[in-house]
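One structure is given below, encoded as structure tokens.
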Amino acid sequence: MNTKDSVSSIDHFAPAAGLLRWAEAQPGRRYENQAVIYHSGEDAGQFYCLIDGKVQIYMTSPEGIEKTITVYQNHALFGEAAFFDGSPRTTSARALVASRVVVIDRESILTCFREQPDLALSMICSLSRNVRMLSTQINEISFLPAEQRLARFLVEESGCGVRQVSYTHEEIGSMIGSSRVTVSRILRTFAEQRLIRTSYRKIEVLQPEQLSSLLH
């Protein structure tokens, strides 16, 4: 059986509005829970837009150990880095719930770029932000205590007015580089402090400002 851990997690940036509108009009593909979307080592002749659902990006060691890189939810691009640089994929992707995904090939994206030239710049900016955030998260995993990593994760995932985080403790541990036991222990402490309220597969953030204060 594979074991799972994480090197980092990154923010999920919504794709440019024009590409998203195009993607939502496409039929897309349906991937059931645990279905693999692509494997490491494959040629990247396309990338993907997640319309709805949840997708895990991960790496696998020669010994079969999985490390979660990030988990994407609705309205996210993924698999674009290998597509644009022409190299084989270094990660794999699988659906964590039933998900609808639109496949974007070279002809489709070139058509979008011709019709909306500013879309190319938007995608470059998105790739740059992802690289910057990945570097930041690697630094956090290297130097920040687990409590601060978890606090940051909860604040970022519950942003934009959405105060609920829908992950299991194991999934959170994979994304912040901590064990499930450690995540459960810290969440109990946060709940006792009335910073959060927990239920099955859901965490309601009650005091995001106080959680943010733990980061300083």
Checking segment 44-98 for GluC sites (Glu not before Pro) in a loop per DSSP with at most 10 other beta-carbon atoms within 10 Å yields 63
At 1.4 Å probe size, with the rest of the protein present, what percent of the exposed accessible area of segment 49-116 is carbon and sulfur atoms? 53
Beyond 15 Å, what share of the Cα-Cα pairs of segment 147-186 remains, rounded to the nearest whole percent? 33
Mind checking the alpha-carbon convex hull of segment 43-83 and giving the volume per residue in Å³? 75
Going by average Cβ density within 10 Å per residue, which order do the peptides 26-32, 174-180 take, highest to lowest? 174-180, 26-32
Probe 1.4 Å, accessible area per residue of segment 176-216, Å²: 65
Amide proton proximity set for residue 96, modelled H, under 5 Å, gap of 5+: 34, 54, 55, 56
Considering the Cα trace of segment 154-216, what is its radius of gyration and what is Dmax, both in angstroms? 10.9, 30
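The values are calculated or read from the model by the stated rules, or taken from the named source; none is laboratory data. As the structure is a prediction and not an experimental result, all values here were calculated from the model. Reconstructed Cβ throughout: ideal geometry from the backbone, glycine too, with neighbour counts over all protein chains shown. For the accessible areas, the whole protein counts, side chains as well, though only heavy atoms, and no ligand, DNA or RNA atoms are used. Shrake-Rupley method; radii C 1.70, N 1.55, O 1.52, S 1.80 Å.
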